[in-house]
Amino acid sequence: MAVLTADHLLSGPRGRGVCMAVARRLDEGIVSALSSARDSVDGSRHDALIRALEAVDALPVRAWGDPLSFLEALDESVSGAMYWQPPHPEDVVSADPEVVAALRPVADAVVVAPAAAWWSTPVDLATLRYTCRHDADPPSPPVLLGARERLRRWRAETVADDRRAARERPVDLEASYSGLWWSTPAMAQLVTTTRPLPRLGSAALAWEEDSFGQGSAAVWSMQATFEPRVWEVDRPEAWTRLVDRYPLDVTFARRHDWYRTTGLAGRWRIPDWDAVAEDWDAVHVSVAGYLTTATRALPLADGASATVLAGWNPDQAWWLRDVLTTTTPHPESWRWTEDTDGSEPAWRRTDE
């Protein structure tokens, strides 16, 4: 298990986003200073933000012990991950080298906080949870059979989509065009899992990229039927090694979206998930892996192409083979509620 350092946390937009959110919690003055910096076209208001960040006392963060201490900070960062438009203005501000330097004391405190100690841990096979958010429609249970067949269809459809994009979509990267932007096997109906957290049925309730904001959720307890082979992504290098080993070219289908997000013009690859499934049962991205890897253009070994981790969530494992089974006949029911006594909105279990 690699140790998460402040350098790692500050290397990507999602990690810097967590640090900025923590700084806002520590000092309300950061809110107005950041707002002014975001609105500053020429960067002239960054100095006020830097001074405000330098005045933040991050020492209390080192004692944070409840894993939910960082729940809101992570949620703010995950919610800012968008792969179909230019970077969020806050991401742009937070990438300024002087702002990064001013965030370092916060990052130093975050990585040593007991509440963040689990961020680098591998998939927890003893506490697998499948989560389905929903509103009016009934929740969809996990699809436990046929993963390989669905991955083969996913690959065929992904290749066909890229070929159509090469024929039909404009060459101009700044053209107003969007398409598939995920690097996951999205829409293949695969099972994904996260672990539960204290007072929270699943980490997927707390952190979800491109969330639709559904206020109800069903959470199934799962277990592996045999010891699975899991590829762990705890740093960007683990993700790029996966793509290098199992590459699938998706340049034409992703080029407009990922150019807007990263500013990089070139060839794009994602993992060939059907090929990955030949050797691995699942791929897990730890919280540390997510914070250091997501929303970045990462160069690959060939020197001519790059990849992006897009559409993944912290601590999420995608299961590529029929490995899992449910352990209870019925899922837990959870709802996003605000108590009449004025307490903070939160996910609460409703079937107890």
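Every read-out reported here was derived from the displayed coordinates using simple, explicitly stated rules and does not represent laboratory data. Bear in mind that the values here come from a model prediction, so they are computed numbers and not experimental data. Don't worry about glycine lacking a Cβ; one is built from the backbone with ideal geometry, like all the others, and counts go over all protein chains shown.
Ranking of HIS88, HIS8, HIS134 by neighbouring Cβ atoms within 10 Å, starting from the fewest: HIS134, HIS88, HIS8. Karplus-derived 3J(HN,Hα) values for region 94-110, using 6.51 cos²θ - 1.76 cosθ + 1.60 with θ = phi - 60°, are 5, 7, 4, x, 6, 5, 4, 4, 5, 7, 4, x, 5, 4, 4, 6, 4 Hz; glycine and proline are entered as x. Basic side chains Lys and Arg get +1 at the Cβ, acidic Asp and Glu get -1 at the Cβ, and with that the dipole of the chain about its Cα centre reaches some 880 debye. Helix content alone sets the calculated 222 nm mean residue ellipticity of the chain: runs of n ≥ 4 DSSP H residues at -39500 (n - 2.57) each, divided across all residues, give -11000 deg cm²/dmol. For region 45-50, 3J(HN,Hα) computed residue by residue from phi via the Karplus equation (6.51, -1.76, 1.60; θ = phi - 60°) reads 9, 5, 4, 5, 5, 4 Hz, glycine and proline entered as x.
Shape class of region 128-337 from the alpha-carbon gyration tensor: prolate, with a/c at 1.5 or above and a/b greater than b/c.
Rounded, prolate or oblate: which fits region 1-66 when a ≥ b ≥ c are the square roots of the eigenvalues of the alpha-carbon gyration tensor, with rounded for a/c under 1.5 and prolate only if a/b beats b/c?
Working: a/c = 2.59, a/b = 1.54, b/c = 1.68.
It comes out oblate by the Cα gyration axes.
The GNM of the chain, with springs linking C-alpha atoms under 10 angstrom apart, assigns the highest mean-square fluctuation among THR307, THR127, THR192 to THR127. Restricting the chymotrypsin sites (Phe, Trp or Tyr not before Pro) of region 199-281 to loop positions (DSSP other than H, G, I, E, B) with no more than 12 neighbouring Cβ atoms within 10 Å leaves PHE212, PHE226.
Among the trypsin sites (Lys or Arg not before Pro) within region 253-336, not one is in coil by DSSP while having at most 11 neighbouring Cβ atoms inside 10 Å. Applied to region 255-267, the Karplus parametrisation 6.51 cos²θ - 1.76 cosθ + 1.60 on θ = phi - 60° returns per-residue 3J(HN,Hα) values of 4, 5, 5, 6, 5, 4, 6, 10, x, 9, 10, x, 8 Hz, with x for Gly and Pro.
Over all other residues within a Cβ to Cβ distance under 10 Å of LEU300, the charged ones net out to +1, with Lys and Arg as +1 and Asp and Glu as -1.
Just subtract the alpha-carbon distance of ALA101 and SER140 from 0.36 nm times their residue separation and send over the number in nm, one decimal. Walk me through the numbers on the way to the answer.
Working: separation 39, 0.36 × 39 = 14.04 nm, distance 4.53 nm.
Value of the extension gain: 9.5 nm.
Subtracting the Cα-Cα distance of VAL159 and ARG229 from their residue separation scaled by 0.36 nm leaves 22.6 nm.
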